[in-house]
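Take a look at the structure below.
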Number of protein chains: 2
Amino acid sequence: MPKRPLQKLQASLVARRYYLENQTKSEIADKLGISRFKVARLIETALKEGIVHIEIRDQSDLNTELAERLREAYGLNVALVLDGPDLPSNALIEPLGLLVADFLEETLTDGQLLGLSWGRTLAAAAKAISKLAKVDVVQAAGSPARLDLSQNPTELVHRFARAAGGLAYPLFGPMWVEDPELVGKLRAEPSIADAMSRYDKIDALVVGVGSWRPQESCLCSGFPEDWRREALKHNVQADICATLIDPDGQAVGSPLDSVGLCLSTEQLRRIPERIVAGGGLEKVDAIRAVLKGGWVTTLITDASVARRLVGEVVRY
Amino acid sequence: MPKRPLQKLQASLVARRYYLENQTKSEIADKLGISRFKVARLIETALKEGIVHIEIRDQSDLNTELAERLREAYGLNVALVLDGPDLPSNALIEPLGLLVADFLEETLTDGQLLGLSWGRTLAAAAKAISKLAKVDVVQAAGSPARLDLSQNPTELVHRFARAAGGLAYPLFGPMWVEDPELVGKLRAEPSIADAMSRYDKIDALVVGVGSWRPQESCLCSGFPEDWRREALKHNVQADICATLIDPDGQAVGSPLDSVGLCLSTEQLRRIPERIVAGGGLEKVDAIRAVLKGGWVTTLITDASVARRLVGEVVRY
DNA sequence: AGTGTCTCCGCTCATTTGATCGGAACTGCT
DNA sequence: AGCAGTTCCGATCAAATGAGCGGAGACACT
C-alpha cells in the first residue's frame with residue numbers, strides 16, 4: 001500500500017463526482033471543504049495520471065480517430081474514414097459512394113452550386129443519393145475516353161440534380177480533343193459554354209482521385225500515348241478533375257490546360273469546398289500527392305489509406 | 001449502415017476534440033461552423049448515447065465507486081472502502097488500521113482534540129501511524145474487561161499522542177464499575193475528571209464498531225450477565241464507544257449511562273467528526289445499525305461490507 | 001391552408017471555469 | 001541558520017459554459 005493513497009484517492013473521488021455525477025467543481029469543493037482550485041488541480045492530475053479514462057467509441061463504421069489524425073496532419077476541413085480491414089479499391093467503391101452521398105446530403109445547403117467530375121465512386125454516390133438540398137449541379141469535365149455507361153458523367157449530373165430538385169448543367173462533349181481549333185468551337189457551343197461559365201461559381205466540387213500507376217487510372221490509360229509519356233516524365237501521381245499532380249502535390253501542366261473541356265487548375269484552386277473521395281491502398285500514392293498539394297478540403301477514404309498516411313510522420 | 005451516420009459521427013468528432021484534445025466548445029464550434037450550443041448538445045447526446053465513455057480507475061486498493069455509493073446512501077461525509085475479496089474480520093484489521101492511520105494523517109489539523117476508544121483496528125492504526133498533525137488525544141472510554149495488552153487503550157492514546165507531538169489524556173480506570181458510589185469517586189479522581197472534562201471538546205473521535213452477535217463483541221462478552229440479557233432483550237446490534245444501538249440505529253439505554261467511565265451518548269452525538277472503522281461480513285449488521293442511526297460521519301470499511309450495504313435498496 | 005405539437009436552434013444572463021500571478025511553505029544545500 | 005529552487009495555494013479577472021426562453025421550421029391531422 002502506498003504511503004499516501006489518499007491523494008490519488010481524493011483525485012478519483014473528485015473525478016467521479018465531476019465526470020460521473022455532473023457536480024460542478026465549486027460544488028465538490030464546498031462539500032469537501034477544499035478550494036475549487038484544488039478540485040480543478042485534482043482533476044488535472046487525475047487526468048494526467050490516467051485515473052480518468054475517456055474513450056470515444058465510434059458507433060458507425062467510421063473511424064473518427066484516424067479521421068481526426070488525418071485531418072490534422074494535412075490541414076483538412078473534414079476527413080471521413082471508413083473503418084474496416086484493408087480492401088481493394090473495388091470493394092470500397094460502394095461504401096465510399098454511400099458515404100459521399102450521406103456527406104453531401106448533410107452538408108450542402110439550398111442554392112449552392114455543386115460541381116461533379118466522374119468516376120466509379122461518384123457513380124456509386126449518385127445511386128445512393130436520396131434527398132439533397134436544392135442545389136444546381138454542373139459537370140466539371142467532359143467525358144473521358146473509355147468510360148462505361150454506368151459512369152456516364154452526364155447521367156451523373158442529372159441524377160444529382162434530380163435528387164436535389166435543382167438545375168443540371170451537363171457537358172455534352174469529350175474531356176479533350178486533340179485539335180486546338182475544334183476545342184475553340186466546342187467551347188463556344190452554347191450548352192458547353194453555359195456549363196463552363198459556371199466553373200467560377202462552384203461552391204463545392206466532388207471528385208474521385210485518379211491514380212497514375214500504370215493500368216489503374218481511367219485518365220492515364222485514356223490519354224494519348226505522347227501525353228501520357230510526357231506526364232509520366234514529370235512523375236505524375238494523381239489527377240484531380242483535370243489537374244495532374246506530381247508526388248509533391250504540385251500541379252503539372254498538361255495538354256488538357258489548352259485543349260480540355262474541363263475545369264482549369266486555377267478554377268479548381270478557387271473552389272471553396274473540394275471533396276475528394278477514394279480508397280484502397282492502390283490509391284495511397286495518389287491521395288498523398290493531392291493532400292500534400294492542398295488540393296483537398298474534405299477527404300473521404302478508407303482506413304487502410306488513412307492508417308498509411310498518418311503512419312508517415314511528415315506533416316504539411 | 002444507418003441512413004445518417006453523420007449525426008453520431010459529428011458527435012463523436014466533437015467529443016473527441018472536446019475531451020481528448022481539450023479544445024473548448026466555442027473553439028470547436030467556430031472551426032466546424034456551428035454554434036457553441038450545438039456543440040454542447042452534441043456532446044450531451046454523445047454522453048447519453050454512450051459514445052463517450054468515462055471511467056474512473058482506482059489505482060489504490062480502495063474502491064471509490066462503492067465508497068461513493070455508500071457515502072450517498074447513508075449521508076456520510078466520507079467513506080473509505082478497502083477493495084478486495086470477502087475476508088473475515090481478522091484479516092481486515094491490519095489493512096483497515098493502515099487506512100485509518102493514513103486517513104488521520106491526512107485529515108487532522110494542528111490544535112484539534114482527537115478522541116479514541118479502543119479495539120483491534122485502532123491498535124493496528126496506532127502501529128501504522130508515523131506522523132500526525134499536532135493534536136491532543138483523549139481516551140473516550142475506560143478499559144473494558146478482558147482486553148489483551150496489545151489493545152490497552154491507555155497505551156493507544158499515548159502512541160497517538162507521541163506521533164502527534166501533542167498531549168495525551170488517558171483514562172486510568174475501567175470502562176465501568178458496578179457500584180454507583182464507586183463511579184462517583186472515580187469520576188472525581190483528578191486525572192479521570194481531567195480526561196472526561198474534555199469529552200465535550202473532542203473534534204474527531206475514532207472508534208471501532210462492536211458487533212453484538214454472541215461471541216463476537218468484546219463489549220458484549222465483557223458485560224455482566226444481567227446487563228447483557230437486558231441489552232439483548234432490546235435487540236442491541238452494535239456498540240459505538242459506550243452507546244448501544246438497536247437495529248434501527250436507535251440508542252438503547254444501558255447501565256453504562258450511569259456507571260460508566262466513558263463518553264455519554266449525548267456527548268457522542270455532539271462530536272463533529274465521528275470516524276468508525278470496521279470490516280468483515282460478521283460486522284455488517286452492526287455497521288448497518290450505526291449507519292442507520294447517523295452515528296457515523298466517516299466510515300472506514302471493506303468492500304464486502306460495502307457491497308452488502310449498498311446492495312440493500314433502502315436509503316436513509 | 002390552418003393548427004397544434006414537436007424538435008431544433010441560437011439568444012441572454014448567470015454561473016462555472018481557466019489563466020495567470022504573487023505569496024507561503026517546504027526542501028535540500030551550504 | 002540562511003538561502004535558492006520548488007511546490008502548493010488561493011485571489012483576480014477574463015473566458016467558457018449552462019439554464020432557460022421564445023421563435024422558426026417540420027410534421028401530422030383536419
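The values are calculated or read from the model by the stated rules, or taken from the named source; none is laboratory data. As the structure is a computational prediction, the values presented were derived from the model and not from experiment. Cβ sites come from the backbone with ideal geometry, for glycine too, and all protein chains shown count toward neighbours. These area figures cover heavy atoms from the full protein model, side chains too; ligands, DNA and RNA do not enter into them. Shrake-Rupley method; radii C 1.70, N 1.55, O 1.52, S 1.80 Å.
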- From largest accessible area down, sort B:Lys127, B:Lys201, B:Lys38; use a 1.4 Å probe on the protein chains. B:Lys127, B:Lys201, B:Lys38
- Query: To the nearest 100 Å², how much accessible surface do chains B and A hide from each other in total, with a 1.4 Å probe?
  - Reply: 4400 Å²
- Simple Cβ-charge dipole of the stretch B:64-311, Lys/Arg +1 and Asp/Glu -1, about Cα centre, in debye nearest 20: 100 debye
- Keeping the other protein chains in place, figure out the carbon and sulfur percent of the accessible area of the stretch A:5-48, with a 1.4 Å probe. 49 percent
- Note on the structure: Heavy-atom accessible area per residue of the stretch B:5-48, all protein chains kept, 1.4 Å probe, expressed in Å², is 53 Å²
- When the charge dipole of the protein assembly as shown is computed with +1 at the Cβ of Lys and Arg and -1 at the Cβ of Asp and Glu, the Cα pointing farthest to the positive end, of A:Leu87, B:Pro247, B:Ala164, is that of B:Ala164
- Label geometry 7 Å along the beta-carbon vector: A:Asn235 inter-copy distances in nm: 9.0
- Per-residue accessible area for A:Trp176 at 1.4 Å probe radius, Å² rounded to 10? 30 Å²
- If one builds a Gaussian network model of chain A from Cα atoms under 10 Å apart, the most fluctuating residue listed among A:Lys292, A:Lys134, A:Lys233 is A:Lys233
- Query: Taking a probe of 1.4 Å, how large is the accessible area per residue of the stretch B:164-316, in Å²?
  - Reply: 41 Å²
- List, in order, the whole-Hz ³J(HN,Hα) value for each residue of the stretch A:103-116 obtained from phi through the Karplus relation with A = 6.51, B = -1.76, C = 1.60 and θ = phi - 60°; use x for Gly and Pro. 4, 5, 4, 8, 10, 5, 10, 3, x, 7, 10, 9, x, 10
- Message: Could you work out the pair-distance distribution P(r) of the stretch A:1-120 from its alpha-carbon pairs, with 5 angstrom bin width and percents rounded to whole numbers?
- Response: 2, 9, 13, 13, 11, 9, 8, 9, 9, 8, 6, 3, 1, 0
- Query: Tell me, what HN-Hα J-couplings in whole Hz come from the Karplus equation 6.51 cos²θ - 1.76 cosθ + 1.60 at θ = phi - 60° for each residue of the stretch B:13-18, using x for Gly and Pro?
  - Reply: 5, 5, 4, 4, 5, 6
- Run through the other copies and list how far each one's label point is from that of A:Glu312, in nm with one decimal, shortest first; the point sits 7 Å from Cα along Cα-Cβ. 6.6
- Message: How much of the DSSP bridge set in the stretch B:53-191 is antiparallel, in percent, rounded to the nearest 5?
- Response: 10 percent
- Note on the structure: Which of A:Pro174, A:Pro224, A:Pro88 fluctuates most in a GNM of chain A (C-alpha springs under 10 Å)? That residue is A:Pro224
- Task: From the C-alpha gyration tensor of the stretch B:33-74, pull out the three semi-axes of the equivalent ellipsoid (sqrt of 5λ each), sorted largest to smallest, in whole Å.
- Result: 32, 13, 8
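What full-extension length gain, to one decimal in nm, is calculated for B:Leu20 and B:Asp200 as 0.36 nm per residue of separation minus the Cα-Cα distance?
On the way: separation 180, 0.36 × 180 = 64.80 nm, distance 5.16 nm.
Full extension of this stretch gives 59.6 nm more.
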- Message: Once neighbouring chains are kept in place and the probe is 1.4 Å, which whole percent of the accessible area of the stretch A:171-275 is contributed by carbon and sulfur?
- Response: 50 percent
- Query: Which residue is it, in chain A, whose C-beta lies closest to the A-to-B rotation axis, and what is that distance in whole Å?
  - Reply: A:Ile54, 3
- Task: Work out how far the C-alpha atoms of the stretch B:176-266 reach from end to end along every principal axis, then list the three figures in whole Å, largest first.
- Result: 36, 31, 20
- Task: Please give the calculated 222 nm ellipticity per residue for the protein assembly as shown, where each DSSP H segment of at least 4 residues contributes -39500 (n - 2.57) and the sum is spread over every residue; nearest 500 deg cm²/dmol?
- Result: -13000 deg cm²/dmol
- Cα-Cα pairs above 33 Å in the protein assembly as shown: how many percent? 59 percent
- Message: Using the Cα centre of the stretch B:5-48 as origin and beta-carbon charges of +1 (Lys, Arg) and -1 (Asp, Glu), tell me which of B:Leu13, B:Thr45, B:Thr24 is placed farthest towards the positive end of the dipole.
- Response: B:Thr45
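If the only charges are +1 at each Lys and Arg Cβ and -1 at each Asp and Glu Cβ, what is the size of the charge dipole of the stretch B:105-189 around the Cα centre, to the nearest 20 debye?
Result for the stretch B:105-189 is approximately 260 debye, rounded to the nearest 20.
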- Can you list the HN-Hα couplings for the stretch A:276-293, worked out from phi with the Karplus curve (6.51, -1.76, 1.60; θ = phi - 60°), rounded to whole Hz and with x for Gly and Pro? 10, 10, x, x, x, 4, 4, 9, 5, 5, 5, 5, 4, 4, 5, 5, 4, x
- To one decimal place, what Kirkwood hydrodynamic radius in Å is obtained for chain B from all pairs of distinct Cα atoms? 21.7 Å
- Go ahead and set up a Gaussian network model of chain B, Cα springs under 10 Å, then flag whichever of B:Ile240, B:Ile129, B:Ile51 fluctuates most. B:Ile51
- Query: According to the Kirkwood expression over distinct Cα-Cα pairs, how big is the hydrodynamic radius of the stretch A:5-48, in Å?
  - Reply: 9.9 Å
- Cut-off under 5 Å, modelled amide H: who pairs with B:Ile300 long-range: B:Leu80, B:Val276, B:Ala277, B:Gly278
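About the Cα centre, and with charges only on the beta carbon of Lys, Arg (+1) and Asp, Glu (-1), how big is the dipole of the protein assembly as shown? Nearest 20 debye, please.
The dipole magnitude comes to about 660 debye.
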- Message: If you average the C-alpha positions of the stretch A:251-294 and of the stretch B:171-198 separately, how far apart do those two centres end up, in angstrom?
- Response: 96 Å
- Message: Can you list the copy-to-copy distances for A:Lys185, using a point 7 angstrom from Cα toward Cβ, in nanometres, shortest first?
- Response: 13.7
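State the antiparallel share, in %, of DSSP beta bridges confined to chain A, rounding to the nearest 5.
Details: 10 of 33 bridges.
About 30 percent, rounded to the nearest 5.
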